[in-house]
Amino acid sequence: MGGEAPEPRRLSRALSLDGGGVPEEALHLVLGYVDDPRDREAASLACRRWHHIDALTRKHVTVPFCYAVSPARLLARFPRLESLGVKGKPRAAMYGLIPDDWGAYARPWVAELAAPLECLKALHLRRMVVTDDDLAALVRARGHMLQELKLDKCSGFSTDALRLVARSCRSLRTLFLEECTITDNGTEWLHDLAANNPVLVTLNFYLTYLRVEPADLELLAKNCKSLISLKISDCDVSDLIGFFQIATCLQEFAGAEISEQKYGNVKLPSKLCSFGLTFMGTNEMHIIFPFSAVLKKLDLQYSFLTTEDHCQLIAKCPNLLVLAVRNVIGDRGLGVVGDTCKKLQRLRVERGEDDPGMQEEEGGVSQVGLTAIAVGCRELENIAAYVSDITNGALESIGTFCKNLHDFRLVLLDKQETITDLPLDNGARALLRGCTKLRRFALYLRPGGLSDVGLGYIGQHSGTIQYMLLGNVGQTDGGLISFAAGCRNLRKLELRSCCFSERALALAIRQMPSLRYVWVQGYRASQTGRDLMLMARPFWNIEFTPPSTETAGRLMEDGEPCVDRQAQVLAYYSLSGKRSDYPQSVVPLYPA
């Protein structure tokens, strides 16, 4: 008051765009605390100096698709990586939709990176073909310092290679082999692992069918005092009495089967908070009761429990964070989950009717169960469920109450003749509007499950979603174009069993500016994939698998048409050009 207004001043910035006022060491230290890959990417684009420092300080990289970049280019960009993850075959490989000889070989990644990446301590390969020679090369180059080896749903190697890893990698803290296809040449690998790796923390060979010697597990527990997680292939839990007595620090266990009246002397470790047994039935589930109140993770996917069994057991587990079940749990069981498990963060309801003894009861899971979960478990971050029936109201409930949800996947089974409430346009819109943190979204329905209007809603409200799987959605090409117009941030898209033409597919993909990967099976395809060339552009690879004429009339065991007669499209952003290892069944359209 009473004075002259100060002259406008320009605010100088402490950091110029090129970081010229900040010492090199300081920038190294600051970026060293930035772990989120999206933040790293943004920082590296600020200027050339920050780009260079990011390259030297980046410790971990995940390659989302093994043909998106070459190993040599990755090495030149990030020469000091400590951890590397590489994803191979499309997710459809898990469902038998991709041929075994499709590609995704680990050899170039191991051969070109294992030795030059002198700081590499951790390697994670997913859905890739890994040979014994590959693992031998990795051991020669990095065995002296390798701390973490994860082979997730990989194939092509044997226990001979695992024995070499066990003997040579004496700093190994994590060995993960879950759902790998492994040639079993004996149990010596497990014995050598127990004898040579005193710092092992996590061992997982769940669902691999590898043989187990109880004495080797006891040696493992004796030598590896820090072992906190063990997931194994099938053996009887009564053979693990000695192991459980020694493994006092164990917090997670899964994989053994349990036989009636053979578990009376089994005493589980006191710190156990994550548990899952195979072939567990009504008479055996009492083994869980003494520590059910402290359980944080429970896997019942491969048990033989009834709906009533699920209700009784889950009512005793108020502190669950993660629950995996089959749809035999029914709406009644999910009602108990909603009433009891207020802290639940992850729920997985798999289909069970394909396996004898796992048939769904009381109508399976429907909108009733999902609504109970939404209302009762408001901390949920991840929902994946196979349902027999669904309504718009149930999806709206999820959008209303599950505000922390970042991953939602729903598959509508085709066993029930009539669905209560289709199409699910308004429900899908309400869910996407309400769940603003969603990053992954999957909706696999039946014909008529989602109209063109609903497909447009999904595009319009896709927001922060980066991965999406849609099946049996839409009515016309116009619905797909409307969907694509709204997907500004989508990076990965998978489509199955849709009515869209080849031309509309190509035009829609051109409209999604952030898209880096798309896989499609089951659309109105031509024999040559000619209209797919409409989406051709620099650095965009297009691979076409023509519909098979040999299996056109053949049916699978369930009476459905053979899946490999349907055309497939894989298109992805790549800095490596056309790959050289594609099989005869795949036609590379672009680059030619």
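The values are calculated or read from the model by the stated rules, or taken from the named source; none is laboratory data. All values derive from a computational prediction rather than experimental measurement. Here the Cβ positions follow ideal geometry from the backbone for every residue, glycine too, while neighbour counts run over all protein chains shown. Heads up: the accessible areas ignore ligands, DNA and RNA and are worked out on the full protein's heavy atoms, side chains in. Shrake-Rupley method; radii C 1.70, N 1.55, O 1.52, S 1.80 Å.
Surrounded by fewer than 18 Cβ atoms within 10 Å (Cβ to Cβ) and on the phi > 0 side of the Ramachandran plot - does that describe any residue in the range 215-226?
no
Across the range 177-197, what is the number of residues that are surrounded by fewer than 22 Cβ atoms within 10 Å (Cβ to Cβ) and under 15 Å from LEU220 (Cβ atoms)?
Matching residues across the range 177-197 total 6.
Scanning for something under 21 Å from GLY103 (Cβ atoms) and among the hydroxyl-bearing types (Ser, Thr, Tyr), does the range 483-500 turn up at least one residue?
no
In a helix (DSSP H, G or I) and at pLDDT 95 or above: which single residue out of VAL337, VAL349 fits that description?
Testing whether each residue is in a helix (DSSP H, G or I) and at pLDDT 95 or above leaves just VAL337.
Just give me the residues in the range 74-95 being in a loop (DSSP other than H, G, I, E, B) and farther than 16 Å from VAL129 by Cβ, in sequence order.
Within the range 74-95, PHE78, PRO79, ARG80, LEU81, GLU82 qualify.
Matching residues to (1) in a helix (DSSP H, G or I); (2) outside the structural domain of TYR572 (by the TED database); (3) within 24 Å of LEU370 (Cα to Cα):
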| position | (1), (2), (3) |
| --- | --- |
| ARG429 | yes, yes, yes |
| ALA442 | no, no, yes |
| LEU450 | no, no, yes |
| GLY459 | yes, no, yes |
| GLY463 | no, no, yes |
| GLN475 | no, no, no |
| ALA484 | yes, no, no |
| LEU493 | no, no, no |
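Would you be able to tell me the number of residues in the range 485-501 that are open to solvent by less than 10 Å² (accessible area, probe 1.4 Å) and within 22 Å of PRO447 (Cβ to Cβ)?
Number satisfying all stated conditions: 4.
When you scan the range 416-426, do you find a residue that is in a helix (DSSP H, G or I) and either more than 22 Å from GLN345 (Cα to Cα) or hydroxyl-bearing (Ser, Thr, Tyr) (or both), even just one?
Looking for residues that are in a helix (DSSP H, G or I) and either more than 22 Å from GLN345 (Cα to Cα) or hydroxyl-bearing (Ser, Thr, Tyr) (or both), one finds at least one in the range 416-426, hence yes.
Here is a yes/no grid of residues against (1) part of a loop (DSSP other than H, G, I, E, B); (2) touching a Lys or Arg at 6+ places or on another chain (Cβ under 8 Å); (3) surrounded by fewer than 20 Cβ atoms within 10 Å (Cβ to Cβ); (4) at pLDDT 90 or above:
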{"position": "VAL520", "(1), (2), (3), (4)": "no, yes, no, yes"}
{"position": "SER526", "(1), (2), (3), (4)": "yes, no, yes, no"}
{"position": "ASP531", "(1), (2), (3), (4)": "no, yes, yes, yes"}
{"position": "ARG537", "(1), (2), (3), (4)": "yes, yes, yes, yes"}
{"position": "GLY553", "(1), (2), (3), (4)": "yes, no, yes, no"}
{"position": "SER576", "(1), (2), (3), (4)": "yes, yes, yes, yes"}
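Given the condition among the β-branched types (Val, Ile, Thr), open to solvent by 60 Å² or more (accessible area, probe 1.4 Å) and not assigned by the TED database to the domain that holds GLN521, answer yes or no: does some residue in the range 59-71 qualify?
Looking for residues that are among the β-branched types (Val, Ile, Thr), open to solvent by 60 Å² or more (accessible area, probe 1.4 Å) and not assigned by the TED database to the domain that holds GLN521, one finds at least one in the range 59-71, hence yes.
Among the residues of the range 435-455, count how many are over 28 Å from ARG378 (Cβ atoms) and open to solvent by 10 Å² or more (accessible area, probe 1.4 Å).
Adding up the residues that qualify gives 6.
Identify all residues within the range 298-331 that are touching an Asp or Glu at 6+ places or on another chain (Cβ under 7 Å) and farther than 18 Å from VAL368 by Cα; write none if there are none.
Passing the criteria: GLN301, THR306, ALA324.
Within the range 40-55, can you find the residues that are surrounded by 12 or more Cβ atoms within 10 Å (Cβ to Cβ) and either under 15 Å from ARG80 (Cα atoms) or not hydroxyl-bearing (Ser, Thr, Tyr) (or both)?
Passing the criteria: ARG40, ALA42, ALA43, ALA46, CYS47, ARG49, TRP50, HIS51, HIS52, ILE53, ASP54, ALA55.
For the range 229-249, give me each residue that is part of a strand (DSSP E or B) and modelled with pLDDT of 95 or more.
Once the filter is applied, which keeps residues that are part of a strand (DSSP E or B) and modelled with pLDDT of 95 or more, the range 229-249 yields SER229, LEU230, LYS231.
Has the range 101-108 got any residue that is assigned to a loop (DSSP other than H, G, I, E, B), among the aromatic types (Phe, Trp, Tyr) and closer than 25 Å to TYR582 by Cβ?
Yes: one or more hits.
So which pairs qualify, if the first residue must be in the range 168-182 and closer than 16 Å to THR131 by Cα, the second must be part of a loop (DSSP other than H, G, I, E, B) and of a type in the set (Ser, Thr, Tyr), the Cβ gap must be under 6 Å, and the two must be at least 6 apart or on different chains?
Correct list of pairs: LEU177/THR208; CYS180/THR208; ILE182/THR208.
Report, by residue number, each residue of the range 397-411 that is over 17 Å from LEU490 (Cα atoms) and open to solvent by 10 Å² or more (accessible area, probe 1.4 Å).
The answer is SER397, THR400, PHE401, LYS403, ASN404, VAL411.
Among the candidates ALA166, ALA115, which residue alone is part of a helix (DSSP H, G or I) and either among the small types (Gly, Ala, Ser) or assigned by the TED database to the domain that holds TYR582 (or both)?
ALA166
Looking only at the range 555-574, which residues are at pLDDT below 90, among the hydrophobic types (A, V, I, L, M, F, W, C) and either surrounded by fewer than 14 Cβ atoms within 10 Å (Cβ to Cβ) or in a loop (DSSP other than H, G, I, E, B) (or both)?
Scanning the range 555-574 gives LEU555, MET556, CYS562.
Pick from GLY376, GLY364: which is modelled with pLDDT under 95, farther than 19 Å from MET468 by Cβ and either aliphatic (A, V, I, L, M) or not assigned by the TED database to the domain that holds ALA442 (or both)?
Only one candidate qualifies: GLY364.
Going by the conditions given, is LEU320 open to solvent by less than 10 Å² (accessible area, probe 1.4 Å), in a loop (DSSP other than H, G, I, E, B) and at negative phi?
yes
Pull up the range 232-286, narrow it to residues that are of a type in the set (D, E, K, R) and open to solvent by 30 Å² or more (accessible area, probe 1.4 Å), then point me to the one that is nearest to LEU203 (Cα to Cα).
GLU252
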